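Inspection log for the structure reproduced underneath, given as structure tokens.
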Ligand SMILES: *Cc1c(COP(=O)(O)O)cnc(C)c1O
């Protein structure tokens, strides 16, 4: 039935399970376990668990199942597994399918913890990891040799907002019989159709736009039923990275309003980018929705022209100017989450990407003056006024 529904209808209704009381708002089944009518029933359930049967919350729970079904319907995926955080999803998706001797090709521009998992953890277990410039198809082509097991990338990279061509990279990967895993956080489920474009596995940190109000950590892995139930689930349920029922309830309610929130945030982000792009305190403004973005053509094709809710800008005066700018903010806050109702600004070089040596920061474009902004739900006039006065303050010394 949900197949014929549009995304916004799925986000509100898909996956709902009602108890005998017929509640309208989804129930929180805050229980770790489930009672069996008989010893025989317990035995049968451990052999094969049916769709409305549960054993233990680490394996599955009705509230968590509602979230999994809803996000799978929204994303056009056969199935989903909900995890305790975005990083439990990234590490679980990769580790569950890889073994010593396997080869992974990944884009270099990654969220700090994703980079750590690939560079420091997988390699420790004998997985070969090769990094490429994700915007350069020739590098992907050269690196994805026959026998490559997985290809991993963030469809829009953090923090410099490079866009990776999902369709083109997937075609190269599939020619080598490699699975394509996409960390799709910046693209959001609202603007992205990653599975239709060729991704085999899509991963979200639900902490970001899905919760959308900065309350809790969560994540989700989406893919074929075979991959989710035969590869991901056994790994996740035995290693312990499952989502809690309370978190799943927050995420379910988050999905209901996500489309409205994300579209409003993206609209403000676009207006803000246009308004500040010629400000004298700035060297350049990066927003994938701007006609001047180097990959705007790809954004038109892959995201229907939508640039998302994040932008980045480089202050001419380097770190000192970036700090003056941040310290002058009156509405937007200095923090490091994204996708929140509150606008949040981050200085990647000294926080999220502090760990990286300077030469790696240079390769990734993480300059001393770079600031990343996650646009929230404030009135765009107030927000633009705030950013403008802080940029003016950054100019003075
Ligand atoms: C935040 C984020 C993660 C990790 O998510 P958590 O929920 O914080 O564990 C992974 N990838 C990207 C692109 C992110 O922005």
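Within region 238-249, is even one residue within 13 Å of the ligand (Cβ to nearest atom), closer than 18 Å to residue 74 by Cβ and assigned to a helix (DSSP H, G or I)?
yes
Within region 120-140, is even one residue buried (at least 20 other Cβ atoms within 10 Å of the Cβ), in a helix (DSSP H, G or I) and more than 16 Å from the ligand (Cβ to nearest atom)?
yes
Go through the residues of region 77-85 one by one and say whether even a single one is buried (at least 20 other Cβ atoms within 10 Å of the Cβ), part of a helix (DSSP H, G or I) and in contact (Cβ under 8 Å) with a residue 40 or more places away in the chain.
no
Kindly indicate whether residue 152 is within 14 Å of the ligand (Cβ to nearest atom), touching a strand residue (DSSP E or B) at 6+ places or on another chain (Cβ under 6 Å) and outside the structural domain of residue 367 (by TED's automatic domain parsing).
Taking the combined requirement at face value, the residue satisfies it.
Inspect all residues belonging to region 36-53 and state whether any of them is in contact with a helix residue (DSSP H, G or I) (Cβ under 9 Å, 6 or more places away or on another chain), surrounded by 10 or more Cβ atoms within 10 Å (Cβ to Cβ) and outside any loop (DSSP other than H, G, I, E, B).
no
I'm told residue 211 meets every condition in (1) surrounded by 19 or more Cβ atoms within 10 Å (Cβ to Cβ); (2) outside any helix (DSSP H, G or I); (3) more than 10 Å from the ligand (Cβ to nearest atom) except one. Can you identify the failing condition by its number?
(3) is the only condition that residue 211 fails.
Just checking, does region 220-227 include any residue being without any contact (Cβ under 8 Å) to a residue 40 or more places away in the chain, part of a loop (DSSP other than H, G, I, E, B), in the same structural domain as residue 29 (by TED's automatic domain parsing) and away from the ligand (no atom under 16 Å from the Cβ)?
Checked region 220-227: no residue is without any contact (Cβ under 8 Å) to a residue 40 or more places away in the chain, part of a loop (DSSP other than H, G, I, E, B), in the same structural domain as residue 29 (by TED's automatic domain parsing) and away from the ligand (no atom under 16 Å from the Cβ).
Of the conditions (1) more than 12 Å from the chain's Cα centre (by Cα); (2) within 18 Å of residue 104 (Cα to Cα); (3) buried (at least 23 other Cβ atoms within 10 Å of the Cβ), residue 182 clears all except one; give me its number.
Just one mismatch for residue 182, condition (1).
Is there a residue being crowded, with 21+ Cβ neighbours inside 10 Å, more than 23 Å from residue 196 (Cβ to Cβ), in contact with a helix residue (DSSP H, G or I) (Cβ under 8 Å, 6 or more places away or on another chain) and at pLDDT 95 or above anywhere in region 220-233?
The answer is no; no qualifying residue exists.
Checking the conditions here, which among 190, 202, 232, 182 is over 25 Å from residue 46 (Cα atoms), outside any loop (DSSP other than H, G, I, E, B), more than 13 Å from the ligand (Cβ to nearest atom) and outside the structural domain of residue 369 (by TED's automatic domain parsing)?
From the options 190, 202, 232, 182, the qualifying one is 190.
Based on this model, can you work out whether residue 110 counts as in a loop (DSSP other than H, G, I, E, B) and within 16 Å of residue 202 (Cα to Cα)?
So residue 110 passes the test.
Which one of the conditions (1) more than 12 Å from the chain's Cα centre (by Cα); (2) without any contact (Cβ under 8 Å) to a residue 40 or more places away in the chain; (3) within 16 Å of the ligand (Cβ to nearest atom) does residue 270 fail to meet, given that it meets all the rest?
The number of the failed condition is (3).
The values are calculated or read from the model by the stated rules, or taken from the named source; none is laboratory data. Remember, it's a predicted structure, so these values are computed and weren't measured experimentally. Because the Cβ atoms are built from the backbone with ideal geometry, glycine has one as well, and the counts that use them run over all protein chains shown.
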